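Let me begin by presenting the structure, written as structure tokens, before commenting on it.
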Amino acid sequence: MAHYGAKKQKDGREFRFYENTDDLSTELAEYIAELSEAAVKECGIFTLALSGGSLISLMRKLCGAPYTRTVDWAKWHIFFADEQAVAKSHPDSNYRLAKEGFLSKVPIIPNHLHAINYTVSAEQAAEDYEFVIRQLVRTRVVCASDVSDCPKFDLILLGMGRDGHVASLFPNHPVLNETEAWVTFVTNSPKPPPERITFTLPVINSASHVAVIVTGSNKAETVKFVISGIGPECSSLPANLVQPINGKVVWFLDRAAASKLHGSEFS
Ligand SMILES: O=C(O)[C@H](O)[C@@H](O)[C@H](O)[C@H](O)COP(=O)(O)O
């Protein structure tokens with residue numbers, strides 16, 4: 001086990017601490033590969049939703065041995081937990097980021113890559129994407145949750161912003177209260193670009209597994225609020241609202257992101 005510390009909270013959230021991003025990437029690859037093997041064994045498919053940001057580079061170890069050989073890539077279906085409403089080729093596009101950093105390096109079957117409709121507004125793209133996912137639930141490519149009327153993705157990978165946002169769910173934003181839609185949109189994202197689509201919290205919290213990957217000292221203050229539960233508005237931090245109903249959330253943190261935690265918060 002490459003982590004130097006771990007903590008399981010009473011609410012079931014698990015936090016794993018890594019010396020550096022290399023150790024974190026090593027174990028993140030193993031974690032994803034193991035979940036995909038279990039999902040493929042159980043129902044022949046692995047459904048994975050990606051966020052953007054530094055997460056993609058931290059998945060780099062999955063693009064090498066032994067995973068290129070051992071993972072059953074043909075059974076993977078890829079989704080985006082959030083996406084910028086920009087062209088696929090735009091520097092801010094999560095599609096482009098994922099393609100360049102991960103998807104171009106592993107043999108995902110092209111029509112198993114479920115991208116958003118980039119030719120319409122964020123509002124229309126959210127509606128279209130939800131329709132696509134609803135069709136995939138109907139045809140049983142994506143499982144349906146048995147505790148909510150949401151899709152049950154095998155794994156959703158999230159980053160976290162300094163403000164505690166995950167996907168494109170930002171603090172104090174009305175979309176945090178969305179309970180019906182599976183995919184919604186924002187047009188005033190505090191993190192540019194302004195127009196985005198995002199999975200809603202009910203979808204994130206219906207996943208079998210969620211991993212939140214946070215590195216860097218600039219996130220340390222927010223990590224402290226998340227773990228200690230103390231801090232201004234910490235209960236409304238979107239990252240603190242990630243609590244899968246019938247699933248498991250694991251946080252992957254490097255030492256820099258955990259640098260404001262004290263001993264007691266590690267055990
Ligand atoms: O599209 C996005 O902007 C991302 O999905 C966003 O939610 C990201 O994961 C966080 O902002 C953390 O990004 P970093 O890890 O790069 O700080």
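Numerical summary
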read-out: Those residues of the stretch 133-145 which are assigned to a helix (DSSP H, G or I) and open to solvent by 60 Å² or more (accessible area, probe 1.4 Å), in sequence order; value: Arg134, Gln135, Arg138
read-out: Conditions (1) within 14 Å of the ligand (Cβ to nearest atom); (2) modelled with pLDDT under 95: number failed by Arg162; value: (2)
read-out: Members of the stretch 16-51 found to be among the aromatic types (Phe, Trp, Tyr) and over 18 Å from Ala65 (Cα atoms), listed by number; value: Phe17, Tyr18, Phe46
read-out: Residue ID - nearest to Asp163 (Cα to Cα), chosen from residues in the stretch 222-259 that are modelled with pLDDT under 95 and charged (D, E, K, R); value: Glu233
read-out: Top-ranked residue in the stretch 192-202 [being more than 11 Å from the chain's Cα centre (by Cα) and not hydroxyl-bearing (Ser, Thr, Tyr); ranked as most open to solvent (accessible area, probe 1.4 Å)]; value: Pro192
read-out: Index of the failed condition, Trp182 passing every other in (1) open to solvent by 30 Å² or more (accessible area, probe 1.4 Å); (2) over 27 Å from Lys260 (Cα atoms); (3) away from the ligand (no atom under 14 Å from the Cβ); value: (1)
read-out: Qualifying positions in the stretch 192-214 - hydroxyl-bearing (Ser, Thr, Tyr) and either more than 13 Å from the ligand (Cβ to nearest atom) or without any contact (Cβ under 8 Å) to a residue 60 or more places away in the chain (or both); value: Thr200, Ser206, Ser208
read-out: Test: residue in the stretch 219-235 that is assigned to a loop (DSSP other than H, G, I, E, B), surrounded by 15 or more Cβ atoms within 10 Å (Cβ to Cβ) and in contact (Cβ under 8 Å) with a residue 24 or more places away in the chain; value: no
read-out: Residue check for Phe102: away from the ligand (no atom under 15 Å from the Cβ), open to solvent by less than 50 Å² (accessible area, probe 1.4 Å) and under 16 Å from the mean Cα position of the chain (by Cα); value: no
read-out: Some residue of the stretch 172-190 being in contact with a Phe, Trp or Tyr (Cβ under 9 Å, 6 or more places away or on another chain), within 28 Å of Gly5 (Cβ to Cβ) and either of a type in the set (Ser, Thr, Tyr) or assigned to a helix (DSSP H, G or I) (or both); value: no
read-out: Selection count where residues are in contact with a helix residue (DSSP H, G or I) (Cβ under 8 Å, 6 or more places away or on another chain), open to solvent by 10 Å² or more (accessible area, probe 1.4 Å) and assigned to a loop (DSSP other than H, G, I, E, B), scope the stretch 236-251; value: 2
read-out: Residue among Glu100, Glu127, Glu83 that is modelled with pLDDT of 95 or more, farther than 27 Å from Ser57 by Cβ and charged (D, E, K, R); value: Glu127
read-out: Index of the failed condition, Ala122 passing every other in (1) within 19 Å of the chain's Cα centre (by Cα); (2) open to solvent by less than 50 Å² (accessible area, probe 1.4 Å); (3) within 14 Å of the ligand (Cβ to nearest atom); value: (1)
read-out: Residues of the stretch 166-179 classified as open to solvent by 90 Å² or more (accessible area, probe 1.4 Å) and either in contact (Cβ under 8 Å) with a residue 60 or more places away in the chain or under 17 Å from Ile156 (Cα atoms) (or both), total; value: 1
read-out: Filter result for the condition that a residue is free of Cβ contacts under 8 Å to residues at least 12 places away in the same chain, surrounded by fewer than 18 Cβ atoms within 10 Å (Cβ to Cβ) and at negative phi, over Ala87, Ala74, Ala65; value: Ala65
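The values are calculated or read from the model by the stated rules, or taken from the named source; none is laboratory data. Worth saying up front: this structure is predicted, and the values here are computed from it rather than measured. Ideal geometry is used to build each Cβ from the backbone, glycine not excepted, and the neighbour counts take in all protein chains shown. Please note that ligands, DNA and RNA were not included when accessible areas were found on the heavy atoms of the full protein model with its side chains. Shrake-Rupley method; radii C 1.70, N 1.55, O 1.52, S 1.80 Å.
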